[in-house]
1. Filter segment A:46-62 down to residues that are basic (Lys, Arg) and crowded, with 22+ Cβ neighbours inside 10 Å, then give me how many there are.
2. Just one of the numbered conditions (1) away from every other protein chain (no Cβ under 11 Å); (2) of a type in the set (A, V, I, L, M); (3) under 16 Å from B:Val56 (Cβ atoms) is not true of B:Ala113; which one?
3. Give the residue that is nearest to B:Leu85 (Cα to Cα), with candidates limited to residues of segment B:123-141 that are modelled with pLDDT of 95 or more and among the small types (Gly, Ala, Ser).
4. Just one of (1) touching a residue at least 24 places away in the same chain (Cβ under 8 Å); (2) closer than 17 Å to A:Cys115 by Cβ trips up A:Arg49, so point out which.
5. Which one of the conditions (1) out of contact with any helix residue (DSSP H, G or I) (no Cβ under 7 Å at 6 or more places or on another chain); (2) within 25 Å of B:Tyr92 (Cα to Cα) does B:Pro27 fail to meet, given that it meets all the rest?
6. Within segment A:48-62, work out how many residues are touching a strand residue (DSSP E or B) at 6+ places or on another chain (Cβ under 7 Å), at the interface with chain B (Cβ under 9 Å from one of its Cβ atoms) and not β-branched (Val, Ile, Thr).
7. Working carefully through the options A:Glu149, A:Glu163, find the one that is more than 30 Å from B:Ile131 (Cα to Cα), among the acidic types (Asp, Glu) and either touching a residue at least 60 places away in the same chain (Cβ under 8 Å) or within 11 Å of chain B (Cβ to nearest Cβ) (or both).
8. Applying the selection to segment A:1-14, what residues are among the hydrophobic types (A, V, I, L, M, F, W, C), at pLDDT below 95 and under 18 Å from B:Val112 (Cβ atoms)?
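The values are calculated or read from the model by the stated rules, or taken from the named source; none is laboratory data. Every value quoted in this text rests on a predicted model; they were computed, and no experiment measured them. In this analysis, Cβ positions are derived from the backbone assuming ideal geometry, glycine residues included, and neighbour counts consider all displayed protein chains.
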2 protein chains.
Amino acid sequence: MPGPKNLPETYRNVLRLRAVRDFDNRPLSDPDLHAILEAGRWTGSSKNRQSWSVIVVTDPDQKERLAETGDFTDPLRRAPMAIALIQEGAGYEFDIGRLAQNVMLAAKAIGVATCPVTFHRHEEAARVLGIPDGKVCRYGVALGYPAAEIRRSQMSGRKPLNEFVHWNSY
Amino acid sequence: MPGPKNLPETYRNVLRLRAVRDFDNRPLSDPDLHAILEAGRWTGSSKNRQSWSVIVVTDPDQKERLAETGDFTDPLRRAPMAIALIQEGAGYEFDIGRLAQNVMLAAKAIGVATCPVTFHRHEEAARVLGIPDGKVCRYGVALGYPAAEIRRSQMSGRKPLNEFVHWNSY
């Protein structure tokens, strides 16, 4: 695991957040779901525009229809629920990324596993979700309690720091 | 402050992350900067593409030139340094938002204040930063130790939960 051991819990959780693709069937408890939605709601956005909302998808048929709009959405099929992230009006996709990360880190903090998913055919996703014109849903988060056995992802490495960081100019 | 008091430190930090616009002049210590860059490096991205890198901007003239490429960049002028976030090749802006949120939360965890900034004239930002064609820098994070006195932002509220959340469809 990366990161010195004497750094705070928050720091260690930020470094150790990983997508989980295997979930228990149990639905989330109401308090856990509420806590996660609150973490999303309090995310910062450019000029505090909050040009976003979320759709909590618990209905299995609706979840399956949504899964069909993306290419690597099996985690969503295996999860008991999903949160679809809606970018509205003048909002930036950058802020939707910040929202997703807060949702996933807050979930991890309270023992809930998550996996981000992309809706590559976002116009289909909008139709499935009944999203009005001018709003877009390209991303979502599958979530649930982690399965007893979690398969390790094959995509867990990262490029080295000297390829990630430049100094003062590219 | 939002959020029940008995939730874990990580959860509370996710809910309480706020942009800070007033910084101490001291540069970041090397261990603190390294810890923050590591948190950025380990951020998850679509298909683990890691189509990104960062430019650490410590040179005051370079920082001023960069600040001139955005509209609300005074926090960057008041901060001792900045991290410019570069979206490369097939990367998504969504992932850059995830990267920014990890950088800001890791910083908060170790006592470093941050403020996200937008480079509205991103082609100028690319020229200032010497970024090659095909890569883009629309966002950065100003960072430093917080000033002894921090002015409260006028933009700290959030819309209520029932305007943020829909169920199963919009």
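1. Selection size over segment A:46-62: 0.
2. (3)
3. Checking each candidate, the answer is B:Gly140.
4. Only one criterion is unmet by A:Arg49, namely (2).
5. For B:Pro27, the exception is condition (2).
6. 2
7. Just one listed residue meets the conditions, A:Glu149.
8. A:Leu7 - this is the single residue of segment A:1-14 that is among the hydrophobic types (A, V, I, L, M, F, W, C), at pLDDT below 95 and under 18 Å from B:Val112 (Cβ atoms).
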